[in-house]
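Report on the following structure.
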Amino acid sequence: MDLTLSPSEQAFRDELRTWLAENHPGEDPPGDDAAFEHRRTWQLKLFEAGYAGFSWPKEYGGRGATLVEQALFGEEMARAKAPPPVNILGMVMGGPVVITHGSDEQKERWLRPILTGEEIWCQGFSEPDSGSDLASLKTKAVKKNGEWLVTGQKVWTTYAHKAKWCMLVARTDQDAPKHQGLTYFIMDMEQDAVQVRPLYQITKEPEFNELFMEEARIPDENVVGGVGNGWAVAITTLMNERAGLGASSAAGVRIALEELKRLAAERGADEDPVIRQKLAQLTIEVELLRLNSWRGLTQIMKRGVPGPEGSLPKWQWGEINQTLTEVAVEILGEEGAYWGSPWTYRLLRSRANSIEGGTTEILKNIIAERVLGLPKLR
Amino acid sequence: MNFDFSDDQQAIKRTAKELLAERFKMERVRELAEAGKYDDAAWKELCELGWPGIFIGEEHGGQGLGTVELIILMEELGYALAPLPFLSNAAAGLVLNAAGSDEQKERWLPGIASGEARGTVGLLKDDGEAKLVPHADSAEVILLLGHEGARVVERDQAEVAPVDTMDATRRFCRVRGDAGEPLEGDRIPGISRVAAALAAELTGIAQRAMEMSVEYARDRKQFGRPIGSYQAVSHRCAQMLLETEGARSASYYAAWCGDAEPDTLPLAACMAKAYASDAGWRVCTSALQVHGGIGFTWEHDLHFFLKRAKVDGMLYGSAREHRDAVAELSAPREPAATVA
């Protein structure tokens, strides 16, 4: 057991820390469009410094970073409070899927503009009637004259109004068992047959969108991983999404915890024995999230792929963030009711943490079935 | 960065697991617990293997290994629920190692390392009594730690009164004593390692209770299907995994700090003991719920785990006391308090 960084890991972290201090883009400006452009510029800056698509193999324009370096990258980005690069979905999900399942032509066409931020990607998986039960989705793709015509509705598509490409899973075989009749497409968003409508959340922000498709056209060469293999390809995407969350989310909640402790000190709440116990418990859980992530990383390095235990940090992170914001609002007292207070916003936003990227219930199912080997529900 | 045991450490873990599984089949644990005894023959065997002195320096007759090796044994001792005076003796060794004078170490550590003249540790309360001192009636030396200072007391000079606790796998005593000599060094590094060791034992207990639950949930059928296929049951088991793994990460980390990052040790150990104390109890109570009525019977083994987990949680500082120390140690100000 050795939890110290090697000299090269240490050097990497110091270099990155220095770079972030010198190149930090500052906070997002107000307004969604301005914030978007700000993050796009940031993405390009990261790309030019070789920090975009950090985990991607070198041959595809990435850096071929080790898992430890990736974790350090996430920690340092969170530590510096740097905004995420704009094309986060393309880099974390789209790119890795194309690298794993795509043809040479597809890699040539799509990978580089993801890294530069030139082409934004969004994700069309969930539907109004297919959330956790993703494989039951109904959006239909029919082949006609060598191209696919897609009709249906998607929901929770972040950045759909800005995206050039959509990672879309659609049903291509109505008669096959539900997991087998699906195909993974990359759909061009710039066509009239695709309509985007903002979806306002409980925070009153339109962070997500609804997507309506009426015979939207997708050329055959935009199928990734073969017709009928959509489920397997989609699972790769989700595994990447969850594995990528561990270390950086731990760093994120650690910063939130420091902010909470400052709030408690300012308001004299840190002397209150009940609040003290809650702050200590959060301190412990934030540290455990970090330790579990690093232990999980050691396991991935030994076995080569992210395993189902990658579901633990996502679950923990959601609970910590929710409790943390509750304690903050408890400390604020009646002022916690005020709309526009940052903690009040975070209290509300955190309620999505146990839903987005796999609900806590689905994560528990995965742990029960794949880690503990309990009998399947269905 | 490698958050896993080395090959040598893996070998220690494997050997310990196999040996303890052989010596402490549940029938044997039950027999010993019901008789209020520990296994003298097994203790002698472990002494010959050098277990009690695993972390004690070779100059005092130990093996000169570290805290990580110690907690590997502790986790397996918890998993096997071994009725042995191992923890009490190790606690004395850890505290003496940290706080004892050269003469005190010279005098007591060899007996602790060989297991032939055991020690134990008690935390004095404000009324001058240590309430929960494991195996004090068979130890040669008792370290009594209080807010006003600490003393090294020979057993014959102390008032030792055995007391029945809910955990029958250990013999506890109440202890008073003003005799002996002061223990003057910094005991925090010692008691922090004790906390890490207990957190590891709780991890082992939680692991076993979880495994028993998963096995039962696979086999037991109600309404025509295994109860583990119901989410009310399977999500409980997932929660057990979350808490067991958390306790494991925390105790391993604290032990590693004990060997490699002594400045971080007190905070890491308080975190581990606080979390594992809660996790040990919650995993065991959840296991009882999964087992239903049979889990509430004396004839089922689960209650021995549940009770040891509860008493481990109280021993050498509760979750609440350790959380208080975490609040103090992790506050932006100068750290001041610790548990013991």
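The values are calculated or read from the model by the stated rules, or taken from the named source; none is laboratory data. Here the structure is a predicted model, which is why all the values come from computation and not from measurement. All Cβ positions, glycine included, derive from the backbone under ideal geometry; neighbour counts span all protein chains shown.
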### Residues satisfying the stated conditions in region A:181-191, i.e. in a loop (DSSP other than H, G, I, E, B) and under 12 Å from A:Lys138 (Cα atoms)
A:Gly181
### Task
Could you list, in sequence order, all residues of region B:251-271 that are more than 9 Å from every other protein chain (Cβ to nearest Cβ) and either in a helix (DSSP H, G or I) or buried (at least 24 other Cβ atoms within 10 Å of the Cβ) (or both)?
B:Ser251, B:Ala254, B:Gly258, B:Leu265, B:Pro266, B:Ala269
### Query
Does any residue of region B:48-58 turn out to be surrounded by fewer than 21 Cβ atoms within 10 Å (Cβ to Cβ), free of Cβ contacts under 8 Å to residues at least 12 places away in the same chain and in a helix (DSSP H, G or I)?
yes
### Message
Here is a list: B:Leu94, B:Leu84. Which entry is assigned to a loop (DSSP other than H, G, I, E, B) and under 23 Å from B:Pro134 (Cβ atoms)?
### Response
B:Leu84
### Summary
Screening A:Thr158, A:Thr236 for residues that are outside the structural domain of A:Leu312 (by TED's automatic domain parsing), touching an Asp or Glu at 6+ places or on another chain (Cβ under 7 Å) and among the hydroxyl-bearing types (Ser, Thr, Tyr) leaves only A:Thr158
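In this structure, does B:Gly185 turn out to be away from every other protein chain (no Cβ under 13 Å), farther than 20 Å from A:Ile284 by Cβ and in a helix (DSSP H, G or I)?
The answer is no for B:Gly185.
Yes or no: A:Lys364 in contact (Cβ under 8 Å) with a residue 40 or more places away in the chain and facing chain B (nearest Cβ under 9 Å)?
yes
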### Query
Does B:Gly228 satisfy being closer than 19 Å to B:Thr285 by Cβ, crowded, with 24+ Cβ neighbours inside 10 Å and out of contact with any Ser or Thr (no Cβ under 6 Å at 6 or more places or on another chain)?
no
### Query
Name the pairs: first residue in region B:215-241 and in a strand (DSSP E or B), second residue of a type in the set (Gly, Ala, Ser), Cβ to Cβ under 7 Å, at least 6 apart or on different chains?
B:Pro226/B:Ala217
### Task
Identify the single condition in (1) in a helix (DSSP H, G or I); (2) within 14 Å of chain B (Cβ to nearest Cβ); (3) of a type in the set (A, V, I, L, M) that A:Leu377 does not satisfy, given that it satisfies every other one.
(1)
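Would you point out which residue out of A:Lys204, A:Lys178 is at pLDDT below 95, at positive phi and assigned to a loop (DSSP other than H, G, I, E, B)?
Working: A:Lys178 fails: at positive phi.
Just a single option satisfies the conditions, and that option is A:Lys204.
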### Task
Please name all residue pairs, on different chains or six or more residues apart, with Cβ atoms under 7 Å, provided the first residue is in region A:1-25 and is closer than 30 Å to A:Glu37 by Cα and within 14 Å of another protein chain (Cβ to nearest Cβ) and the second residue is part of a helix (DSSP H, G or I) and modelled with pLDDT under 95.
A:Phe12/A:Glu69; A:Phe12/A:Leu72; A:Arg13/A:Leu72; A:Arg13/A:Glu76
### Task
Please note which strands (runs of 3 or more DSSP E) are completely contained in region B:111-171 and include at least 1 residues that are within 24 Å of B:Ala309 (Cβ to Cβ).
B:119-123, B:130-134, B:141-146, B:159-163
## Note on the structure
B:Leu65 meets each of (1) buried (at least 16 other Cβ atoms within 10 Å of the Cβ); (2) assigned to a helix (DSSP H, G or I); (3) within 14 Å of another protein chain (Cβ to nearest Cβ); (4) not polar (S, T, N, Q) with one exception, condition (2)
### Query
Restricted to region A:49-87, and to residues that are hydroxyl-bearing (Ser, Thr, Tyr) and more than 17 Å from the chain's Cα centre (by Cα), which residue is surrounded by the fewest Cβ atoms within 10 Å (Cβ to Cβ)?
A:Thr66
### Message
Condition first: exposed (fewer than 12 other Cβ atoms within 10 Å of the Cβ) and at pLDDT below 95. Now tell me which residues in region A:301-337 satisfy that.
### Response
A:Lys302, A:Arg303, A:Gly304, A:Val305
### Query
Taking into account only those residues within region B:234-250 that are within 8 Å of another protein chain (Cβ to nearest Cβ) and among the aliphatic types (A, V, I, L, M), which is nearest to B:Lys273 (Cα to Cα)?
B:Ala250
### Task
Please indicate, with yes or no, whether at least one residue in region B:281-304 is touching a strand residue (DSSP E or B) at 6+ places or on another chain (Cβ under 8 Å) and in contact (Cβ under 8 Å) with a residue 60 or more places away in the chain.
no
### Query
Looking at (1) modelled with pLDDT of 90 or more; (2) outside any helix (DSSP H, G or I), can you tell me which one A:Glu22 breaks?
(2)
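Just for region B:117-168: of the residues that are of a type in the set (Val, Ile, Thr) and surrounded by fewer than 21 Cβ atoms within 10 Å (Cβ to Cβ), which one is nearest to B:Asp301 (Cα to Cα)? So that I can check it myself, show each step before the final result.
We begin by selecting, within region B:117-168, every residue of a type in the set (Val, Ile, Thr); these are B:120-121, B:133, B:141-142, B:152-153, B:160, B:163, B:165.
Next cut, surrounded by fewer than 21 Cβ atoms within 10 Å (Cβ to Cβ) only: B:163, B:165.
Numbers: B:Val163: 23, B:Thr165: 17 Å.
Step by step, filter region B:117-168, then rank; the result is B:Thr165.
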### Summary
Taking region A:344-359 and keeping only residues that are within 14 Å of another protein chain (Cβ to nearest Cβ) and crowded, with 17+ Cβ neighbours inside 10 Å, one is left with A:Ser354, A:Gly358
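For region A:56-83, name all the residues that are small (Gly, Ala, Ser) and more than 17 Å from A:Ser249 (Cβ to Cβ).
Result: A:Gly61, A:Gly62, A:Gly64, A:Ala65.
Can we say B:Arg225 is modelled with pLDDT of 95 or more and within 14 Å of chain A (Cβ to nearest Cβ)? Write out each step before concluding.
Numbers: modelled with pLDDT of 95 or more: yes; within 14 Å of chain A (Cβ to nearest Cβ): yes.
Taking the combined requirement at face value, the residue satisfies it.
Within region B:89-99, is there a residue that is out of contact with any helix residue (DSSP H, G or I) (no Cβ under 7 Å at 6 or more places or on another chain), surrounded by fewer than 24 Cβ atoms within 10 Å (Cβ to Cβ) and over 18 Å from B:Gly313 (Cα atoms)?
Within region B:89-99, the first condition is being out of contact with any helix residue (DSSP H, G or I) (no Cβ under 7 Å at 6 or more places or on another chain), and the residues that meet it are none.
No; the residues of region B:89-99 include none that is out of contact with any helix residue (DSSP H, G or I) (no Cβ under 7 Å at 6 or more places or on another chain), surrounded by fewer than 24 Cβ atoms within 10 Å (Cβ to Cβ) and over 18 Å from B:Gly313 (Cα atoms).
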### Message
Scan region A:311-321 and tell me whether some residue there is over 30 Å from B:Ala199 (Cβ atoms) and either assigned to a helix (DSSP H, G or I) or within 14 Å of chain B (Cβ to nearest Cβ) (or both).
### Response
no
